[in-house]
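Bear in mind these aren't lab numbers, they're just calculated from the coordinates by the rules spelled out. What you see is a predicted model; the values in this text were computed from it and never measured. Don't worry about glycine lacking a Cβ; one is built from the backbone with ideal geometry, like all the others, and counts go over all protein chains shown.
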Amino acid sequence: MVKVITYGTFDLLHYGHIRLLERAKALGDYLIVGITSDDFDRKRGKINVKQSLMERIEAVRELGIADEIIIEEYEGQKIDDIKRLNIDIFTVGSDWVGKFDYLGEYCEVRYLERTEGVSSSDIRSGQNRIRLGIVGDDPYLVKFYHESKFVNGLDVTALCVSDEDTEDKKNLFDSISVTNDYDSFLDLVDAVYIHSFPQLHYELIRKALDKKKHVMCEAPVTLNIAQYDELLNAAKESGCILMDSIRTAYSTAYERLLLLLKGGAIGKVKAIEVTCTSLKDTHSTAKGWNSICAWGPNAMLPVFQILGTDYQEKNMTCSISDEDEFYDLFTKIDFFYIKAVASVKVGQGVKSEGEMIISGTEGYVYVPSPWWKTDYFEVRYENPENNKRYFYQLDGEGIRYELVSFRNQIVNNKAVGEISPAISKQFVAVIQDFYDKKIQHYIVS
C-alpha cells in the first residue's frame with residue numbers, strides 16, 4: 001500500500017483545495033491530510049485564518065477524500081510524521097517548489113500544480129471589506145496603522161485628530177483622509193478604533209453607535225457604569241460590535257497560559273500578583289491617562305479572567321499627585337475572593353518590575369517583565385526538574401491579532417471577543433470607585 005501525506009491550513013475550503021486533495025489521493029492508496037493548528041498558523045505568520053481548527057477539520061472530512069486526518073502543531077513535525085506513519089510520498093502545491101526538498105531523505109517528494117485563480121487569501125481579502133477609522137492623537141497610532149496592513153479584509157481609510165495635530169498627522173499617515181471633524185469622519189468608515197483620552201470615550205462611542213458604526217475602544221470604555229450599560233445596550237440595538245482594546249488578551253502566550261491554568265497545570269489558583277508601571281509621560285497624562293486608567297484594565301485583566309469578577313471585597317491604596325486630585329502616581333488594589341486573593345499594582349509615576357506571578361496549590365506561573373507583551377513564561381514546581389518553559393512568537397505587540405478578532409466579530413455579526421462584557425464592566429466599576437474617591441488608603445506623594 002502506497003501512503004501519501006499532504007499538509008495545509010484549508011481555511012475557507014475551495015475548489016483549489018479539493019483538486020489538490022484529489023490529485024494527492026491519486027498518487028497512492030491511502031491519503032493522510034495534516035491540518036495546521038491555530039497556534040502553529042500564528043507562529044508561521046498566518047493571522048487571517050477565519051475558521052477554527054475544528055471547522056477546517058470537519059470541512060476536509062466531509063469531502064470524503066482523506067483516509068486519515070492529523071493535526072500539525074510544531075516545526076519539524078513533517079519529518080516525525082513521515083517516519084512514524086511510514087509515508088511513501090509527501091506532496092504539496094507547486095507554490096512551495098523547493099521548500100520541502102529536504103524531505104526527500106525520508107520519502108518521495110511531489111509538487112502538484114496549483115489551481116490558478118483561486119486562493120483562500122484572495123477570498124478572505126475580497127469578502128466583506130471593512131473601512132476602519134482611527135480616533136486619537138497618541139503617537140502609538142502610527143504603529144497601529146502599520147499593523148493594520150497585515151489584516152485581510154480591513155482597510156484604515158480615515159483618521160480623526162485634534163485641530164492642532166491635523167497637518168502633522170497628514171505626513172505620518174499615507175493615502176488616508178485626516179480630519180478634525182468627527183461627524184464627517186464617521187461617514188467615511190464602517191468601524192472605529194478609539195484611542196483618545198478616557199473622559200472623551202463615552203461621547204465618541206455614543207456618536208459612533210448612533211451612526212451604526214462598530215467600535216473598538218482602548219480600555220476603559222467609560223468611567224461610569226451607567227454610561228457603560230447605556231453603550232452596551234446601544235450596541236445591541238444597532239447591531240454593532242463594542243469591544244475593549246487590550247492587546248494582551250489576544251497574544252498567543254497569554255491565551256496559552258490561561259488554557260494551562262484551566263487545565264490544572266498548577267492546581268487551584270490561590271493568589272495572583274500583577275504589576276504594570278511606567279514613568280510619567282506628559283503627553284498621555286495631560287488630559288486623563290492617569291495610572292488607574294492607563295494601566296488598570298491591563299493589570300486587572302488576568303485577575304478577572306482567572307478568578308472571575310465576583311470578589312468579596314477590595315481595598316484601594318493610592319498615591320495622589322499634589323497638582324491633580326485625580327492623577328494617581330501609583331495605585332495598589334487588593335481583591336479578596338472566597339478562596340483566593342489578588343494584588344494589582346499600577347503606576348505612571350513610579351517604576352517597578354512589571355512581572356506577573358500566579359500561585360497555585362501544585363506550582364506557580366512566572367511571567368517576566370513586561371508580562372503584558374510576553375512571548376515567554378515558566379511553570380515552576382517544588383521539584384525544579386519538572387519546570388517547563390513556554391515560548392510563543394508575538395508579532396506587532398498583538399495589535400494584528402486583536403484586529404483580526406475585531407474584523408471576525410463584525411463579519412460574523414457576533415460579539416465573541418476575549419474580554420467579556422462582565423469583565424469590561426468590572427474595569428469601569430473599579431475605576432469609577434477611584435473617581436468617586438472610594439479609596440481606603442492614601443499615600444502622600
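The DSSP beta bridges internal to region 249-444 are antiparallel in roughly 70% of cases. Centroid-to-centroid, using Cα positions, region 380-445 and region 141-162 are 22 Å apart.
In the chain, taking the dipole from charged Cβ atoms about the Cα centre, the farthest positive-side position among LEU223, SER196, LEU258 is held by LEU258. Across region 128-245, C-alpha contacts under 8 Å between residues 6 or more apart give a mean separation that, scaled by the residue count, equals a relative contact order of 24 percent. Across region 345-353, computed HN-Hα scalar couplings (Karplus, 6.51 cos²θ - 1.76 cosθ + 1.60, θ = phi - 60°) run 10, 10, x, 10, x, 9, 10, 8, 6 Hz from first to last residue, x flagging Gly and Pro. On the basis of the beta-carbon distance and an R0 of 60 Å, ASP433 and MET1 show a calculated FRET efficiency of 0.30. Post the alpha-carbon centroid distance, region 1-39 to region 83-104, in whole angstrom. Cα centroid of region 1-39 versus Cα centroid of region 83-104: 12 Å apart. What pairs in LYS149/LYS211; LYS143/LYS373; LYS268/LYS339; LYS270/LYS425; LYS211/LYS236; LYS262/LYS425 have C-alpha atoms more than 18 Å from each other? Violating the 18 Å Cα-Cα cut-off are LYS149/LYS211; LYS270/LYS425; LYS262/LYS425. For the options PHE406, PHE427, PHE40, a Gaussian network treatment of the chain with springs between C-alpha atoms closer than 10 Å singles out PHE40 as fluctuating the most. Recomputing Kirkwood radius over Cα pairs in Å from the coordinates shown identifies the correct label among [x] 24.2; [y] 23.4; [z] 22.6 as [x]. Post the alpha-carbon centroid distance, region 320-344 to region 222-243, in whole angstrom. The two parts, judged by their Cα centres, are 26 Å apart.
Of the residues TYR102, THR179, ILE410, the one whose Cα sits farthest towards the positive end of the charge dipole of the chain is TYR102 (charges of +1 on Lys and Arg Cβ, -1 on Asp and Glu Cβ, taken about the Cα centre).
Computed from the C-alpha gyration tensor, the three semi-axes of the ellipsoid equivalent to region 3-120 are 20, 16, 15 Å, from longest to shortest. Hydrodynamic radius of region 128-245 by the Kirkwood approach over all distinct alpha-carbon pairs: 14.3 Å. As a rough footprinting exposure proxy, the listed residues CYS240, CYS107, CYS293 were ranked by other beta carbons within 10 Å of their own, and the order from fewest upward is CYS107, CYS240, CYS293.
Based on alpha-carbon atoms, the Kirkwood radius and the radius of gyration of region 257-372 give Rg/Rh equal to 1.01. Charge tally for TYR311 (other residues, Cβ to Cβ under 13 Å; Lys, Arg +1; Asp, Glu -1): -2.
Residue-wise HN-Hα couplings along region 74-81, as the Karplus relation 6.51 cos²θ - 1.76 cosθ + 1.60 with θ = phi - 60° gives them from phi, are 8, 5, x, 5, 4, 5, 4, 5 Hz; Gly and Pro carry x.
Exposure proxy for ILE333, ILE272: other Cβ atoms within 10 Å of each Cβ, ordered fewest to most, give ILE272, ILE333.
Residue by residue, region 183-196 carries 3J(HN,Hα) couplings of 5, 5, 4, 4, 6, 9, 9, 9, 8, 10, 10, 10, 9, 9 Hz when phi is fed to the Karplus relation 6.51 cos²θ - 1.76 cosθ + 1.60 (θ = phi - 60°); x denotes Gly or Pro. Normalising by the residue count of region 284-401, find the relative contact order in percent from Cα pairs under 8 Å and 6+ residues apart. Dividing the mean separation by the residue count of region 284-401 yields 16 percent.
Look at the alpha carbon pairs under 8 Å that are at least 6 residues apart: their mean separation over the length of the chain gives a relative contact order of 13 percent.
Look at VAL367, VAL97, VAL178 and count the other Cβ atoms within 10 Å of each Cβ; fewest to most, that gives VAL97, VAL178, VAL367. When the Cα positions of ILE292, PHE336, GLY347 are compared along the charge dipole of region 249-444, PHE336 comes out farthest toward the positive end, with charges on each C-beta of Lys, Arg, Asp and Glu.
Taking every DSSP bridge with both residues inside the chain, close to 35 percent are antiparallel.
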